[in-house]
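The values are calculated or read from the model by the stated rules, or taken from the named source; none is laboratory data. Quick caveat: nothing in here was measured; it's all calculated off a predicted structure. Neighbour counts run over all protein chains shown; Cβ positions are idealised from the backbone, glycine included.
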Amino acid sequence: MNTKLRNILSAAALALLIPTQHAIAEAIPLDRVAAIVNDGIVMQSELNQRIALVKEQLAARNTKLPPEHIFRKQVLNRLILESIQKQLGKQQGIRVSDGQLNNALSSIASQNGLSLEQFRDALIAEGRDYNQAREQIRTELYINSVQQNLVNRRIRVSEQELDNFLTSESGQSQVSAEYQLGHILIATPSQASPEIIQKAERIANDVYKKLEEGSNFAELAVEFSNAPNALKGGDLGWRKAAELPEVLGDAARKLSPAGFSKPVRSPSGFHILLMKDKRGGAVQLVEQRLVSHILLKPSEIRTAEQAQRQITQIFQRIQSGDDFSSMAKEFSDDPASGSEGGSLGWTQNGQMVPEFEQVMNNTAIGQVSTPFESRFGWHILTVLDKRTEDLGEKMQENRARAAIQKRKFNEELTNWLREIRSQAYVDIKE
């Protein structure tokens, strides 16, 4: 190639690479890679967006920022860990549906006294990008699902740990019964005369008689009670017996839900308790359903839409007379229940994800639900029977196990994050 031609080609190449003065004024900087993480990347724009978000959150809490280079490194490390966890979640088929995301957003909005639409408008009014905020919450839900799924597999609670916890003072406190109480106090002075005590007792007995005749407890509390919560209808909220004066704790233990006590004497006067509700303790009546289900999970070879279409076809075949158990054995992606014809055994609220429990509670005995989605995929379920069981002792064990599991989870999560970070290929370009 002669020198003249080479110069022309060089000029042409430069013309393509170097924009005109007008173009420079309108140029948008190209995005760059901040870090390579296994098979994924963290982009500079993603890092900048997260830095701006975290700065805004810290400013709202009046928290002083560290030096910029340290702060930037901390945020990048957070994004690298998120990328590793997302990749692990994808390998496990974990996903967060739009329905789950909307439920989470509605919950956040409700906590702020807003509807979902009002929450969206409030974010926009503050100059926030609603779609960006929505995807950030989706990421947080996804990371939490990955952690719960993968870290809990590493945790075991032994029978000895369970027994030790249940016999400890801390364990007894956590698993003891809680009462939602109403309270009416007819007060007496600390050094009341016999006449004053007798008058207070007569008023308390009159109030008790009105309750027996069907009068409203809250209205009587507003009218007669001398307790600080009188204008709240006597509501005490949820209390453990140990949190009450001994005479009131003893009275509460004897009450059934919707029951009220006879006037109880204490140094401060005469008390009447209403048992609004009760949870925990050695006796716990629980409604259970005998449930079977069929699950189809989205995967690398089946999209969520394809899973929905297939579960709908299975539902239609069962409606036409095909056996539910046989269909579960053939098609269900839940290996544990699928081999048992879809059987989940006796199931109660608190064991399944909310979407599953809502459909389970609204399905009559002998009926098959229409297809519905949870974070695990698409389901149909059938309720075969229903019963009420006293699971007080079992639920005490479950609460104790959950408390130990939660404590171990927090410890194990730190170890797990350190492990997956050390095992990952990370090339920081920042």
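For this structure, a couple of remarks:
- Qualifying positions in the range 331-388 - over 23 Å from the mean Cα position of the chain (by Cα) and part of a helix (DSSP H, G or I): Phe331, Pro335, Ala336, Ser337, Gly338
- Screening Thr414 on (1) of a type outside the set (Asp, Glu); (2) surrounded by fewer than 17 Cβ atoms within 10 Å (Cβ to Cβ); (3) assigned to a helix (DSSP H, G or I); (4) more than 23 Å from the chain's Cα centre (by Cα) shows it passes everything except condition (4).
Yes or no, residue by residue, for (1) buried (at least 17 other Cβ atoms within 10 Å of the Cβ); (2) more than 30 Å from Glu397 (Cα to Cα); (3) in contact with a helix residue (DSSP H, G or I) (Cβ under 6 Å, 6 or more places away or on another chain):
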| residue | (1), (2), (3) |
| --- | --- |
| Ser176 | no, no, no |
| Ala192 | no, yes, no |
| Ile197 | no, yes, no |
| Ala221 | yes, yes, yes |
| Trp238 | no, no, no |
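- Annotation note: of Glu68, Glu161, the sole residue that is under 30 Å from Arg399 (Cβ atoms) and either among the hydroxyl-bearing types (Ser, Thr, Tyr) or modelled with pLDDT of 85 or more (or both) is Glu161.
- The one condition from (1) over 30 Å from Gln405 (Cβ atoms); (2) touching a residue at least 12 places away in the same chain (Cβ under 8 Å); (3) not in a loop (DSSP other than H, G, I, E, B) that Ala252 does not meet is (1).
- Any chance Arg309 is part of a helix (DSSP H, G or I), in contact with a helix residue (DSSP H, G or I) (Cβ under 9 Å, 6 or more places away or on another chain) and free of Cβ contacts under 8 Å to residues at least 12 places away in the same chain: no
- Residue in the range 199-219 that is surrounded by the most Cβ atoms within 10 Å (Cβ to Cβ), counting only those that are within 20 Å of Phe260 (Cβ to Cβ) and of a type in the set (Lys, Arg): Lys210
- Checking His293 against (1) crowded, with 18+ Cβ neighbours inside 10 Å; (2) part of a helix (DSSP H, G or I); (3) not β-branched (Val, Ile, Thr), the condition it does not meet: (2)
- Annotation: of all residues in the range 263-285 being touching a helix residue (DSSP H, G or I) at 6+ places or on another chain (Cβ under 7 Å) and either among the hydroxyl-bearing types (Ser, Thr, Tyr) or surrounded by fewer than 19 Cβ atoms within 10 Å (Cβ to Cβ) (or both), the one that is modelled with the highest pLDDT is Val264.
- Restricted to the range 25-62, and to residues there that are of a type outside the set (Gly, Ala, Ser) and exposed (fewer than 11 other Cβ atoms within 10 Å of the Cβ), the residue that is modelled with the lowest pLDDT is Glu26.
- Among the candidates Gln367, Gln351, the residue that is under 30 Å from Gln306 (Cβ atoms), modelled with pLDDT under 90 and out of contact with any helix residue (DSSP H, G or I) (no Cβ under 6 Å at 6 or more places or on another chain) is uniquely Gln351.
- Residue within the range 133-148 that is farther than 30 Å from Ile94 by Cα and modelled with pLDDT of 90 or more present: no
- Exactly one residue out of Leu236, Leu185, Leu231 is of a type in the set (A, V, I, L, M), without any contact (Cβ under 8 Å) to a residue 60 or more places away in the chain and part of a strand (DSSP E or B), and it is Leu236.
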